[in-house]
Amino acid sequence: MARPKGIPHTKEWKEEMSKKMKGKKSHPNSLKALKDNRGDRTGLTAWNKGLTFNYKSKKYNFNKENIELMISKKMTLRQIADIYESSISALYNFINKYNIKANDNYEQHQKESLKQKMREKRLKQKFNNKETDIEIKMKEILKQLKIPFVTQKNIMNRTLVDFFIEPNICIYCDGDYWHNIDYVKERDEKINQILKLSGYKVYRFTGTQIKKDTNHTIIKVQEAIL
């Protein structure tokens, strides 16, 4: 007998349904069926009761003197951790626990190593290659002057040059707003110094120069080639 919709279960109705279902096979997803299949585990102690997880339980054969020696040789934490087959965090905790001194050169080396890895990953990322209006204008100038060039050239895994002309000319097209921000100007100047010390010639043109002073830009590009 079906229960009318909207009417709550009564004690009599539950008893009647219990009698009708007696002896019938339970639904495979019902709690009773699960207990029948696995056995009633009520009152049994869980296998992991009372146990606690300890991430420090694994022992590594760290040696303070050896680690200090490896740090003095400017080995990275990753290299040292690989030797001990440990995680970097475990090694870092050991270094802090025993107050192992890392000199300034080592810390700077660690920072530069991390920065270099981040640069390489960033340079390998696939960005939207849509050209800006000033890059399109510079491309037109180079084609007009019949100068062969390569766009978005990766130099030393440090920078992507907007236009590279063999053998060593790097041309950047810098937006007026972005490249006038202080920290961006400092970054650009540092890249300029690195490229120049490595034998490259660096030319940066602002958006205003390219769009409003095109003739001056053309002269500068010609001077760079000669």
Residues located in region 34-72, provided they are surrounded by 10 or more Cβ atoms within 10 Å (Cβ to Cβ) and at pLDDT 80 or above: Phe62, Asn63, Lys64, Asn66, Ile67, Glu68, Leu69, Met70, Ile71, Ser72
If I ask for residues that are farther than 17 Å from Ile134 by Cβ and either modelled with pLDDT of 95 or more or out of contact with any Lys or Arg (no Cβ under 8 Å at 6 or more places or on another chain) (or both), which ones from region 182-194 would you list? Asp182, Tyr183, Lys185, Glu186, Arg187, Glu189, Lys190, Gln193
When you go through Gln152, Gln209, Gln193 one by one, which is the residue that is outside the structural domain of Lys117 (by TED's automatic domain parsing) and over 30 Å from Met118 (Cβ atoms)? Gln209
Note: among Lys115, Lys143, Lys111, Lys137, just one is loosely packed, with under 14 Cβ neighbours inside 10 Å, modelled with pLDDT under 95, among the basic types (Lys, Arg) and assigned by TED's automatic domain parsing to the domain that holds Gly207, namely Lys143
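Just a yes or no: is a residue in region 181-190 more than 26 Å from the chain's Cα centre (by Cα) and aliphatic (A, V, I, L, M)?
Within region 181-190 (the criterion being more than 26 Å from the chain's Cα centre (by Cα) and aliphatic (A, V, I, L, M)), the answer is no, since none of the residues qualifies.
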Taking first residues from region 1-25 that are surrounded by 10 or more Cβ atoms within 10 Å (Cβ to Cβ) and second residues anywhere that are among the hydroxyl-bearing types (Ser, Thr, Tyr) and at pLDDT 75 or above, the pairs with Cβ under 9 Å that are 6 or more apart or on different chains are Arg3/Thr10
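The values are calculated or read from the model by the stated rules, or taken from the named source; none is laboratory data. None of these values were measured; they are calculated from a predicted model. Note that each Cβ is placed from the backbone with ideal geometry, even for glycine, and that neighbours are counted across all protein chains shown.
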